[in-house]
Structures are given as C-alpha cells and as structure tokens.
Amino acid sequence: MGDAERLREAGLRVTAARVAIMRTVRDGDHLDVDAVHQGVRALVGQVSLQAVYDGLHALHAAGLVRKIEPMGSPARYEGRVGDNHHHLVCRRCGMVTDVDCAAGAAPCLDPADAAGYLVEEADVIYWGICPKCRSQRI
C-alpha cells in the first residue's frame, strides 16, 4: 500500500507535504524534526517547519509514524510502527538503533504489578555506548 492510500485509510487528507514526510521518515533513521524538514524540502521544495511539525503530529496521532523521546535528546521519528520494538541509544553520539522485543510476545515485558491496567505496549530504551563510539579513544 502506498503512502497516499495509508493516509486515506487513516482518515487524513493527502497532501504533498504529508506524503513527503512519510517517505522521509520511512527512508531515514530515527530522524529529528530538523532532519525531516530538510528531507521534505528536498522532495517538495519550500515547506515551513511548522507544517512539518503539524504533519508529524497528525501522522503520529494516526499511528502512521512512531515518535520516540529519549531523555535529553530531541524527539525522533520512524516509520516502523505496530510491532512494539524497542531502542538502543548511544550516550555519546545519540545514535538510535532498533532492537526487537526483550523477551516473549508483545508487550514484551510484564510489570510485577499492573495496578489493574491492561498492558498493551512496552516502551523500552536501552542506554549505552555504540560500537563506533566504543572504538574511539575519548
């Protein structure tokens, strides 16, 4: 299914900017808003940063992109949605890498006491030093 069809199926209006945002996020690697903005401008020409923020918000609310917010880092966006995967984040360079579920079936982790909640998703961020940073002497 193409991006325009996915937008329509989610009940969103199809615009060149939204299609470009989806493509940029899908083709990128955990991009922040500025990187998405640059990618969209390369695809469709002039588009405001506010339009990109608005588009990302609508796409995230519709479940078409995933937003992750590592502590101390700008929000990042990715096209991998619906599979409840987790992330590795480098403390030095900020690189984000996908990692599949920690163990078992989604939601991957069962809390010791769910306090009556029906747990549907676990959002896990592993923090460490990436291989590139580990190889550099600091």
I'd like to check something: does segment 17-39 contain any residue that is among the hydroxyl-bearing types (Ser, Thr, Tyr), surrounded by 12 or more Cβ atoms within 10 Å (Cβ to Cβ), on the phi < 0 side of the Ramachandran plot and touching a residue at least 40 places away in the same chain (Cβ under 8 Å)?
no
For segment 43-53, enumerate the residues that are in a loop (DSSP other than H, G, I, E, B) and β-branched (Val, Ile, Thr).
47
Restricting segment 12-42 to residues that are assigned to a helix (DSSP H, G or I) and of a type in the set (Lys, Arg), the residue that is nearest to the chain's Cα centre (by Cα):
26
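Where a number appears in this text, it was derived from the coordinates with a stated rule and is not lab data. Note that the coordinates shown come from a computational prediction; the quantities given were computed from them, not determined experimentally. Cβ atoms come from the backbone with ideal geometry, glycine included; neighbour counts cover every protein chain shown.
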